[in-house]
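Here's the structure, in structure tokens; my notes come after.
FYI, it's all coordinate maths here, none of it is from the lab. What you are looking at is a predicted structure, and each value in this text was computed from that prediction instead of being measured. We place every Cβ from the backbone using ideal geometry, glycine too, and count neighbours over all the protein chains shown.
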Amino acid sequence: MLPPAAAEPDPPPFRRVQGREDARVLVICDHASAAIPARYADLGLCGETRWAHVVWDIGAAAVALGLAERLGCPAVLSGVSRLVIDCNRKPGDPASIPVSSCGVPVPGNAGLSDAEADARAEAWFWPYHREIGAAIGRLRRNAAAPAIVSVHSFTPVMRGYRRPWHVGVLWNRDPRMAMPAIERLSDRSGMVVGDNQPYSGREINYSLDTHAGSAGLPHVSFEIRQDLLADAEGIGTWAGLLADTLTAVLADPRLHRAEVY
């Protein structure tokens, strides 16, 4: 008689990458993982949907890791699918644990109790954000006003509309990193850069608003079109492109000071 199978462990709430102690920037990735705890039975998703964009930001984690490596800085990446709980939405927001995403029903989130929603936040959301706060604290002890960079990806087509942008630069009130990043990226031949496109940082910006905007730290979010991240070459190209762009932006000595907008 075979022994009972051991319960599969839950995915960790985050992945931490060490960087130089004197680094002046932190990379974060809110939708880095497609992991869904086994006890949730894939939330009722099946087939291609299980690994589609509704589950995670395809390619974003690899770009974030490559970017952190090139900049020599720390990184914090989420450890669970955004359908379990979205680390870039405030708990309690209907989009925090969605019953439907981009028209795709998520049966495992239907009729969720308050206790289960709170348990998911305690297991994955809050530990991820506590780690971001701790990482910022470590950087601030060694350098003034570190910058925070968030990496996301987006689908080439949404509701039948083919999105023209290669990359979007998202920001809310603080333009210090976004404006020079848009300018530098737009200088590249053939590059179509979205200013708060295809999403607006004034509407969806929980992580950066919470950890950077409220503290006056410089920050920016990048959205990269997923078809450009289809293989290792594309991922490496974009990690290098963002690293080159940010190296120039971060070199401005006026950037590294706390300023609340």
Taking neighbour counts of Cβ atoms within 10 Å as a proxy for exposure, in what order, fewest first, do W165, W171 appear?
W165, W171
Sorted by mean Cβ packing within 10 Å, highest first, what order do the peptides 146-156, 26-36 take?
26-36, 146-156
Taking the simple approach of a point 7 Å from Cα along Cα-to-Cβ for both E21 and E69, what is their distance in nm?
2.5 nm
Mean ellipticity per residue at 222 nm, deg cm²/dmol - from DSSP H runs of n ≥ 4 across the chain, formula -39500 (n - 2.57)
-8000 deg cm²/dmol
Magnitude of the charge dipole, the stretch 75-225, Cβ model with Lys/Arg +1 and Asp/Glu -1, debye to 20:
440 debye
Taking the Cα centre of the stretch 154-206 as the origin, how large is its charge dipole in debye, to the nearest 20, when only Lys and Arg (+1) and Asp and Glu (-1) carry charge on their Cβ atoms?
160 debye
Let me spell out the model: positive unit charges on the Cβ of Lys and Arg, negative unit charges on the Cβ of Asp and Glu, origin at the Cα centre of the chain. What dipole size does that give, in debye rounded to 20?
500 debye
Sticking with the crude label model, points 7 Å out along Cα→Cβ, report the distance from M179 to A251 in nm, one decimal please.
2.0 nm
What are the ³J(HN,Hα) couplings of the stretch 125-133, residue after residue, when phi is run through the Karplus curve with 6.51, -1.76, 1.60 and θ = phi - 60°? Round to Hz, x for glycine and proline.
5, 5, x, 4, 6, 5, 5, 4, x
Ordered by number, the trypsin sites (Lys or Arg not before Pro) in the stretch 210-261 that occupy a DSSP loop and have at most 15 other Cβ atoms within 10 Å are R254, R257
Could you compute the FRET efficiency for Y161 and Y199, with r as their C-beta to C-beta distance and R0 at 22 Å, rounded to 0.05?
0.95
DSSP-defined antiparallel bridges as percent of all bridges, the chain, nearest 5
40 percent
Option label - mean projected area of the Cα convex hull in nm² computed here, alternatives (1) 15.6; (2) 20.6; (3) 14.7
(1)
What is the extension gain from D244 to D93, computed as 0.36 nm multiplied by their sequence separation minus the C-alpha to C-alpha distance, in nm to one decimal?
50.8 nm
Checking the a/c ratio against 1.5 first, then a/b against b/c, what shape does the Cα gyration tensor give for the stretch 1-98?
prolate
Just A75, A144, A121 to compare: in a GNM of the chain, with alpha carbon springs under 10 Å, which one fluctuates most?
A144
T237-A41 pseudo-label distance in nm [points 7 Å out on the Cα-to-Cβ vector]
4.3 nm
